[in-house]
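Notes to accompany the following structure.
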Amino acid sequence: MADNSFHDFVRELFAGVGRVEVKRMFGGAGAWSDGVMFLLIADDTIHIKVDDALKAELRAEGCGPFVWEPQSGPRAGEKIDLGYWRLPDSALDDPDEAAVWGRKALAIAKAKAKAKKPKAKKAAKRPTTKSKAAAKLKAKPKAKKKAKR
């Protein structure tokens, strides 16, 4: 698992993206900015959120996907692509290059998060006119029962 010094390195490397928070999760960590996770950190390796276009760019750089293989549970042994690809090695020594990749990954993460948000349900419209009978019932005061002695 990445230690705090590596997390500090990631925050500094991607400072050009904006405020980056690193949070531990599932034996690794995720890096977040503007409320979305755009980096995955596993075994001191940085992976960035991708779409098909960014996958092609990273493939051209010699990078590959982060593939998770659960050791137990119903998906044990299955290879699962989580949508993150390794950051090019050249970006590890160049904060400007890392920020370029980071901004691309952040834009993708934001777009995917926006697409996942469920659309707010429209409030059920209430009838604007009530039946005359219903209106009369509500308007009429209820008769009080006489107390028995």
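Computed values, structure above
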{"item": "Boolean, K138 is among the charged types (D, E, K, R), loosely packed, with under 15 Cβ neighbours inside 10 Å, modelled with pLDDT under 95 and not in a loop (DSSP other than H, G, I, E, B)", "result": "yes"}
{"item": "Residue tally, condition over 18 Å from A111 (Cα atoms), without any contact (Cβ under 8 Å) to a residue 12 or more places away in the chain and small (G, A, S), over region 1-33", "result": "1"}
{"item": "Some residue of region 44-62 being at pLDDT below 95 and assigned to a loop (DSSP other than H, G, I, E, B)", "result": "yes"}
{"item": "Residue pairs meeting the criteria (Cβ under 8 Å; at least 6 apart or on separate chains; first loosely packed, with under 14 Cβ neighbours inside 10 Å, in region 34-54; second in a strand (DSSP E or B))", "result": "D43/G28"}
{"item": "Cβ-Cβ under 8 Å pairs, at least 6 apart or on other chains, region 94-107 side closer than 14 Å to W32 by Cβ, far side in a helix (DSSP H, G or I) and at pLDDT 95 or above", "result": "G102/G16; G102/V17; A105/L54; L106/V17"}
{"item": "When residues of region 22-33 are limited to those that are surrounded by 13 or more Cβ atoms within 10 Å (Cβ to Cβ) and in contact with a strand residue (DSSP E or B) (Cβ under 7 Å, 6 or more places away or on another chain), the one farthest from A98 (Cα to Cα)", "result": "G28"}
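The values are calculated or read from the model by the stated rules, or taken from the named source; none is laboratory data. Predicted, not measured: the structure shown is a model, and the values here were computed from it. FYI the Cβ positions are ideal-geometry reconstructions off the backbone, even for glycines, and counts take in every protein chain you see.
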